[in-house]
2 protein chains.
Amino acid sequence: MSKGEKTRDKILQKAAGLASICGLEDMSIGKLAEATGLSKSGLFAHFKSKENLQAQVIQWVANMFTEEVLRPAFREQRGVPRIRAIYGNWKDWIDGESLPGGCVMIASSTEFDDRPGTVRDEIVNMMNTLLDVLTKSAQIAIDEGHFRSDADPRQFSFEFESILHGYHLLQRLLKDPDASKRSDLAMERLLSTYEATMSKNTEN
Amino acid sequence: MSKGEKTRDKILQKAAGLASICGLEDMSIGKLAEATGLSKSGLFAHFKSKENLQAQVIQWVANMFTEEVLRPAFREQRGVPRIRAIYGNWKDWIDGESLPGGCVMIASSTEFDDRPGTVRDEIVNMMNTLLDVLTKSAQIAIDEGHFRSDADPRQFSFEFESILHGYHLLQRLLKDPDASKRSDLAMERLLSTYEATMSKNTEN
DNA sequence: CCAATAATAGCACGACCGTTCGGTTTTTTG
DNA sequence: CAAAAAACCGAACGGTCGTGCTATTATTGG
């Protein structure tokens, strides 16, 4: 890894943290330069525009999310255990274990939903990929016999995602001490609806 | 209503629309002045700071939400019909029937969750009030015998809110043509879990 | 209708924004 | 080790930001 790539990575790391707190748009080149110890123009040279910087931050965050939330979960058993692992890791991610300001993807989803451009496209792509992973995981749970065979994997991914958004609200904005409990209960209700009944399990 | 109050209201109306699109922070005094036809300083005089303007926008939006989503729903029958009405009206609200950029409350929830100050306090207060209304509506559904007597109204409000956040994501960011269907199915699943079984209904 | 008051405009300010450019340092390469 | 290339800095640019002033216009109450 060359010098340039190394500093570029350091910049993106700081940028992701900054963006998680104040948003992608309010993350300015000046603040970021100060946070990294670089000059404004020196930093800017790595990205040819702010829009490009924002897009790369999104990609960087998506990679980090894959690494810290998805990949560890995919070492768990296929089906429901893996889904539970994704859920738990994502909650930790929202709590700010990796980025101080919580989930950049959830935040940028509402920040850029009405702003056409490269950044929005990147966020849409990232979010669709994530939903596809969740859908695929639900399909695996069906194949494993954990979920009912007539379950709708896409519908599951929607409801799964919704719960995490709700958790984000209670935990980060409202700081509700019951946030985790509320979220867990919702997830249990979701899983129990999709899980094969015991009588159906005996079919296997 | 005096002249000042009238123009202040017009400003807040435009401001809410602008904020729904580009966020509360990126809604600048200059843009807002141009949109309303006022001068920057003339507009500024109505609010003594931008922070105060933002806080008043939140209050204005909360009032509008009450008027367009909650109040019509409260003309419906107590219990589940009322809850369904809130759900339907809120979906229309998110679709942008009232504000072009969708639900300001959902957007500002993630925009200000890490920014202490008056604006954040206002958003927290608004969101808590909203969740309280939902909780109370669930409690009424219990009292009416629509929901099981051992149902948790607060838990219901969390899951209800979560679904709307999920809908916001699919509808406004991803523009998923199935957004409404996904959301409706989730809401049906939520209601059916909480609804009293028919055998329990015969107790009455 | 006139005086008191409120509403609005014009202008200027310092600060920060994203961006460009030319020069200097550092790294990489042959 | 020298030459080529990459990385980085400092200064400056036109703009916009939020926010004060002062003056002028419009509204209101007696």
One finds the C-alpha centres of the range A:1-28 and the range B:76-111 to be spaced, in Å, by 35
So the carbon and sulfur contribution to the accessible area of the protein assembly as shown, 1.4 Å probe, in percent, is 50
Dividing the mean separation of Cα pairs under 8 Å (6+ apart) by the residue count of chain B yields a relative contact order in percent of 19
Across A:181-192, the residue-averaged tally of Cβ atoms belonging to other chains within 10 Å stands at 3
Over the Cα atoms of the protein assembly as shown the radius of gyration and the largest Cα-Cα distance (Dmax), both in Å, equal 22.6, 75
The convex hull of the Cα atoms of the range A:58-99, divided by residue count, gives a volume in Å³ per residue of 57
Quick calc, chain A, dipole around Cα centre from Cβ unit charges on Lys, Arg (+) and Asp, Glu (-), nearest 20 debye, gives 660
Semi-axes of chain A from the Cα gyration tensor (sqrt of 5 times each eigenvalue, largest first, whole Å) come to 36, 17, 14
SASA check, residue A:104, accessible area w/ 1.4 Å probe, all protein chains in place, rounded to nearest 10 Å², comes out at 0
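The values are calculated or read from the model by the stated rules, or taken from the named source; none is laboratory data. Here the structure is a predicted model, which is why all the values come from computation and not from measurement. Methodologically, a virtual Cβ is constructed for each residue, glycine included, from the backbone with ideal geometry; neighbour enumeration extends over all protein chains shown. Just so you know, the surface numbers come from the protein's heavy atoms only, side chains and all, with ligands and any DNA or RNA stripped out. Shrake-Rupley method; radii C 1.70, N 1.55, O 1.52, S 1.80 Å.
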